[in-house]
1. Would you mind calculating the gained length between residue 20 and residue 49 on full extension (0.36 nm times residue separation, minus the Cα-Cα distance), in nm to one decimal?
2. Compute the signed sum of charges (Lys and Arg +1, Asp and Glu -1) over the other residues within less than 12 Å, Cβ to Cβ, of residue 113.
3. Could you tell me which of 65, 134, 109 has its Cα farthest along the dipole of the chain towards the positive end, charges placed at Cβ (Lys, Arg +1; Asp, Glu -1), taken about the Cα centre?
4. Which lysines have a Cα less than 25 Å from the Cα of residue 38, not counting those fewer than 8 places away in the same chain?
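Nothing in this text is a laboratory measurement; each read-out follows from the coordinates by a stated rule. The structure presented is a predicted model; accordingly, all values stated were derived computationally and were not measured. Backbone-built Cβ (ideal geometry, glycine too); neighbour counts: all protein chains shown.
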Amino acid sequence: MQIQDTKVLQAYLFGSFFTLSNRLQVVGDGLDEQMTLKQWLLIAVLIRSEEEKLSVSELAQRMGSSRQNVMKMAQLLEKQGFLAIEKREDDKRFLEVSVTSRCLEHCKSRESKEEAFIETLFSGFSEEELRKFSQSLAKVSGNIVRLEELYA
């Protein structure tokens with residue numbers, strides 16, 4: 001698709017974010033019948049964090065989601081035995097979330113599926129294209145921070 005007008009191109013890209021996000025979520029939800037793509041992201045954020053536990057608010061901030069949505073996902077994952085939700089030792093008002101050994105075992109069992117999923121998603125991209133795409137997303141992310149300051 002060759003779009004010449006900058007405003008039309010911006011509108012196309014803006015709409016594409018939502019369309020691609022929805023399509024990615026639908027296909028990603030089929031990856032594992034035990035967890036959705038967003039739940040997998042929550043778990044990935046926990047596993048990749050330097051801390052053993054994160055508060056619900058920290059998780060929400062890192063995922064770009066609301067505290068309520070993260071709490072709902074965490075509670076569902078806790079019922080399945082994938083997460084533990086506990087009150088923080090030094091301040092009982094804060095809830096901390098951590099992965100369980102069951103979760104780590106489950107993630108290990110689906111590791112090859114995850115790798116194939118990501119490889120397929122980015123197949124056909126050169127390393128240079130991936131770097132430029134990453135730089136472009138970083139710019140968009142920075143602009144979203146500015147929008148959050150204005151509108152959130």
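1. Length gained between residue 20 and residue 49: 7.8 nm.
2. Neighbourhood net charge equals -4.
3. Of the options given, the answer is 65.
4. Candidates past the 8-residue exclusion: 53, 72, 79, 87, 108, 113, 139.
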